[in-house]
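I have placed the structure first, in the form of structure tokens, so that the comments after it can refer back to it.
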């Protein structure tokens with residue numbers, strides 16, 4: 001039974017890869033010419049999903065040293081994508097937050113993903129869309145049950 005489940009997961013992942021290749025995501029030119037590094041984008045995503053965070057939390061989320069996170073955040077602050085402020089509970093600590101420009105950057109990335117998903121769903125029949133909705137509900141339920149169940153051994157939101 002476990003083997004069947006693992007085989008199905010592998011098959012679904014293969015199908016997802018095939019779908020990605022078939023859709024050929026239309027990446028906006030500004031993303032290809034952006035001066036954002038992958039590491040900087042990862043920090044923006046952490047701040048977007050986790051909200052205002054201490055430098056140690058950012059580093060921990062990304063599995064990098066605090067000094068490395070600090071350097072990445074320094075560059076993002078210079079680009080106007082991240083702001084630093086004092087922690088109201090302990091003014092010695094720094095809290096990093098997305099600036100409005102940083103939120104806009106991540107929102108554009110999210111919109112691109114939404115557009116790609118919409119392209120995948122266009123042309124499906126009503127019956128197929130209802131099945132896709134059920135699958136989406138199953139996936140959401142699975143993820144939310146793991147984020148609320150400490151015994152799952154998984155980090156919330158993963």
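Exactly one condition in (1) closer than 15 Å to residue 52 by Cβ; (2) at pLDDT 90 or above; (3) surrounded by 11 or more Cβ atoms within 10 Å (Cβ to Cβ) is false for residue 100; which is it?
Here residue 100 clears every test but (3).
So how many residues does region 40-75 have that are outside any helix (DSSP H, G or I) and surrounded by 14 or more Cβ atoms within 10 Å (Cβ to Cβ)?
The qualifying residues number 3.
Take the residues of region 95-107 that are touching a residue at least 24 places away in the same chain (Cβ under 8 Å) and part of a helix (DSSP H, G or I): which is farthest from residue 58 (Cα to Cα)?
Among those that are touching a residue at least 24 places away in the same chain (Cβ under 8 Å) and part of a helix (DSSP H, G or I), it is 105.
Which condition breaks for residue 83 when tested against (1) without any contact (Cβ under 8 Å) to a residue 40 or more places away in the chain; (2) over 13 Å from residue 99 (Cα atoms); (3) surrounded by 16 or more Cβ atoms within 10 Å (Cβ to Cβ)?
Just one mismatch for residue 83, condition (2).
Check whether at least one residue in region 18-32 is surrounded by 16 or more Cβ atoms within 10 Å (Cβ to Cβ) and farther than 30 Å from residue 132 by Cβ, and report yes or no.
no
Could you tell me which of the residues 118, 133, 127 is surrounded by fewer than 11 Cβ atoms within 10 Å (Cβ to Cβ) and either modelled with pLDDT of 90 or more or in a loop (DSSP other than H, G, I, E, B) (or both)?
Just one listed residue meets the conditions, 127.
The values are calculated or read from the model by the stated rules, or taken from the named source; none is laboratory data. Just so it is clear, the model here is predicted, and its values are computed rather than measured. Backbone-built Cβ (ideal geometry, glycine too); neighbour counts: all protein chains shown.
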